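S.K.: Shown below is the structure under consideration.
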Amino acid sequence: MTDPRLSAVDAKLLATLERAFDAHAGHDAHIDLAELQKALGLRSEYLARRVLLLFDSNRDGVVSKEEFLAGARTLLLGSDRDKLWFAFRLYDHDGDGFLDHHEVMRMLSMTLAEDEIVERAKQPVEQLARVFLKAADRNADGRVSFERERSAKGARRRRGAKKVYRSLLMRVS
Ligand SMILES: [Ca+2]
Ligand SMILES: [Ca+2]
Ligand SMILES: [Ca+2]
């Protein structure tokens, strides 16, 4: 890094991230699905797979150090919009730019499962999904786009995103 604007904090973070990568990547110097799931402490292999897809820019199925640093920097130092965009793509399973009922259901199920509150949840996921969509889906077409999502009261979805950020932050610090 030769950027003179790179602050000491930034440089320190980069060093921390590099150490975190080395610790999890193993001898092949790449983070595969199992290593990523373990590194993030995720119960859901599906969620780990989604994170891997977002980090894996060259689509070779594993995360290189460069890909890891780029992704982690976006999540740690990026704008709120960058972070939300990451979370949105995480749950947009078919990549059509919208969260539909099934994707919202999956997102809520996973968030609840990761938080170990699935047994305690009084409302079934189906009902939560309906409430969420009703709050976030302003033009009532049954799905949520990124722009609308951003401005809507998508509190549950944001909590899901926070969980991922928290996991990432915890593992790299
Ligand atoms: Ca590895
Ligand atoms: Ca890759
Ligand atoms: Ca979708």
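S.K.: Sorted by mean Cβ packing within 10 Å, highest first, what order do the peptides 37-43, 137-143 take?
M.R.: Numbers: 37-43: 17.6, 137-143: 13.4.
The packing order, highest mean first, is 37-43, 137-143.
S.K.: When the Karplus curve 6.51 cos²θ - 1.76 cosθ + 1.60 is applied with θ = phi - 60°, which whole-Hz ³J(HN,Hα) does each residue of the range 48-54 get, with x for Gly and Pro?
M.R.: In residue order, the calculated couplings are 4, 4, 5, 5, 4, 4, 6 Hz.
S.K.: Let me ask you something else. Which FRET efficiency value, to the nearest 0.05, do you get for Lys12 and Phe146 by plugging their Cβ-Cβ distance into 1/(1 + (r/R0)^6) with R0 = 41 Å?
M.R.: Once the sixth-power term is evaluated, E becomes 0.80.
S.K.: While we're on this one: Treat the range 8-77 as a sphere of radius equal to its Kirkwood radius over Cα pairs and apply Stokes-Einstein at 10 °C in a medium of 1.306 mPa s; give the translational diffusion coefficient in µm²/s, rounded to a whole number.
M.R.: Rounded to a whole number, D works out at 130 µm²/s.
Coordinate-derived values only; no laboratory data. Here the structure is a predicted model, which means the values were calculated and not measured. With ideal geometry, Cβ positions are generated from the backbone for all residues, glycine too; neighbour counts draw on all protein chains shown.
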